[in-house]
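Structure, as C-alpha cells:
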Amino acid sequence: MVDLICVIEHALAYDSASNSFLADKSAKIFVAGHRGLVGSAIVRKLEALGFTNLILRTHADLDLTRQSDVESFFAAERPRFVILAAAKVGGIHANNTYPADFIAVNLQIQTNVIDSSYRHGVKKLLFLGSSCIYPKFAPQPIPEHALLTGTLEPTNEWYAVAKIAGIKMCQAYQIQHSWDAISGMPTNLYGPNDNFHPENSHVLPALMRRFHEAKVRGDKEVVVWGSGSPLREFLHVDDLAGACVFLLEKYSGLEHVNVGSGKEVTIKELAELVKEVVGFEGELVWDRTKPDGTPRKLMDSSKLAGLGWTPKISLKEGLVDTYKWYLEYVKQ
C-alpha cells in the first residue's frame, strides 16, 4: 500500500508555484468549524498572516449535515480554499452513549463539504482528523502507514471510522479527479477555546480546572486518577494552525500527514507542570485504584518534519498561554 501511495503521489504531483496558498491574501477561504478549538486557532493564524477574505458560518447560519444547504452555500460563495475543521466531538461517555450521532453526523459533514468543494471549483481542501484513527495497539511512535492495520479503540470507533472515511474520500477524489484534497491528523491538542467542562473535558484542561478551583478554595490536596506513568503527547493548537498553513502551501500528497510535537510527557510530569503554572501550593495525590489507560500514545511526525515544519511552542509556554485564556474566559 505504501508503494502504491508513492506511485500515485508522483503521478499526481502539483506545480507548487501555481498552487501557492500564501500568494493570494484576498483569496476566499472557508474555515468550517471556526468557533471550535482548532478552527478558531486557524482563523487567528490566517488573520495574522494578512488573509482578508475568510468565509465563516456558525451552525445556525449553515448546517453542514444538510446537503442542499451546503450545495447552496458553495454555489453562492465559491471559496478558493477550504479547511474542514468542523466535526462532532466528545469524550468516552458521549461516544458510548451516542454512537449513531458520531458516525452519521461526521460522515454527513465530510461528504457534503468535500463533494461540494470539488464540484464548485475549490482549488485545495484540507481535511483534519484525529490520532484516534489508528489501531488500539498500533506501533509506537505511530506512523501514517499504521492506518487500517488493526482494530480500533472500541470507545471511539464510531468517530474514528468516520474520520478514516474522510481521509479515504480525499484520496479517492485525488485519484479519480486529480483534485488537491489533503488530510492532516493532529495529536492531543490544547489551548484557547478548549473544553474545560468538569466532566467531559480531556486530561489537560481537566487538570487545569481542577488545580485552579482547588487553589481558589484553598484545598490542601488534589487527587488525580491512576499512577501518573502513562506517556502522552501534546501540541498547542496555534502550532497546529501553523502546520495547517504549511501543508496548504507545501503539501499535495495522497497520504495523510501526522501533526504532533514529537515530545512525550508522563501524566505525572504534566500534572506537576499544570500545578506550577496555576500556582496551586497543595499536595498532588495519585489514586492508584483508578485505571491508567493506554501506557503510551505518540505519533510519528517525522514525515512532516522532513517536509520542513516543526512546532515552536513549548509545553510550559503553551500552558501559561492557555491558563491566561482560562482566567479571562472560563473561570467561575
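What the table shows:
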| quantity | calculated |
| --- | --- |
| Filter result (touching a helix residue (DSSP H, G or I) at 6+ places or on another chain (Cβ under 8 Å) and surrounded by 13 or more Cβ atoms within 10 Å (Cβ to Cβ)) within the stretch 293-309 | Lys297, Met299, Asp300, Lys303, Leu304, Leu307, Trp309 |
| Qualifying residue in the stretch 279-293 (condition: touching a Phe, Trp or Tyr at 6+ places or on another chain (Cβ under 8 Å) and either of a type in the set (Gly, Ala, Ser) or farther than 28 Å from Asn156 by Cβ (or both)) | yes |
| Test result for Lys250, farther than 18 Å from Leu128 by Cα and surrounded by fewer than 20 Cβ atoms within 10 Å (Cβ to Cβ) | no |
| Residue in the stretch 76-90 that is in a helix (DSSP H, G or I) and either modelled with pLDDT of 95 or more or touching a Cys at 6+ places or on another chain (Cβ under 6 Å) (or both) present | yes |
| The lone exception for Leu284 - which of (1) farther than 22 Å from Glu144 by Cα; (2) out of contact with any Lys or Arg (no Cβ under 8 Å at 6 or more places or on another chain) it fails | (2) |
| Condition check for Glu255: among the charged types (D, E, K, R), at pLDDT 95 or above and in a loop (DSSP other than H, G, I, E, B) | yes |
| Residue within the stretch 33-49 that is modelled with pLDDT of 95 or more, of a type in the set (A, V, I, L, M) and farther than 28 Å from Leu189 by Cα present | no |
| From the options Ile164, Ile114, residue that is closer than 16 Å to Ala87 by Cα, out of contact with any strand residue (DSSP E or B) (no Cβ under 7 Å at 6 or more places or on another chain), modelled with pLDDT of 95 or more and in a helix (DSSP H, G or I) | Ile164 |
| Index of the failed condition, Arg57 passing every other in (1) part of a loop (DSSP other than H, G, I, E, B); (2) over 28 Å from Ser26 (Cβ atoms) | (2) |
| Single residue of the stretch 1-32 satisfying the filter (of a type in the set (S, T, N, Q) and farther than 16 Å from Pro79 by Cβ) that is modelled with the highest pLDDT | Ser20 |
| Criterion: surrounded by fewer than 18 Cβ atoms within 10 Å (Cβ to Cβ) and either at pLDDT below 95 or under 20 Å from the mean Cα position of the chain (by Cα) (or both) - qualifying residue of Asp101, Asp63, Asp69 | Asp101 |
| The stretch 310-324 - residue that is touching a strand residue (DSSP E or B) at 6+ places or on another chain (Cβ under 9 Å) and polar (S, T, N, Q) and, of those, surrounded by the fewest Cβ atoms within 10 Å (Cβ to Cβ) | Ser314 |
| Residue satisfying condition, being at pLDDT 95 or above and of a type in the set (D, E, K, R), within set Glu199, Glu249 | Glu249 |
| Any hit, the stretch 305-312, residues being free of Cβ contacts under 8 Å to residues at least 60 places away in the same chain, closer than 28 Å to Ser227 by Cα and not aliphatic (A, V, I, L, M) | no |
| Some residue of the stretch 218-231 being at pLDDT 95 or above, crowded, with 23+ Cβ neighbours inside 10 Å and not hydroxyl-bearing (Ser, Thr, Tyr) | no |
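Residue-wise test of (1) among the polar types (S, T, N, Q); (2) buried (at least 18 other Cβ atoms within 10 Å of the Cβ); (3) free of Cβ contacts under 8 Å to residues at least 12 places away in the same chain.
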site	(1), (2), (3)
Leu126	no, yes, no
Ser131	yes, yes, no
Pro139	no, no, yes
Leu148	no, no, no
Ile175	no, no, no
Ala181	no, yes, no
Pro186	no, yes, no
Leu189	no, yes, no
Leu207	no, yes, no
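The values are calculated or read from the model by the stated rules, or taken from the named source; none is laboratory data. What you see is a predicted model; the values in this text were computed from it and never measured. Cβ sites come from the backbone with ideal geometry, for glycine too, and all protein chains shown count toward neighbours.
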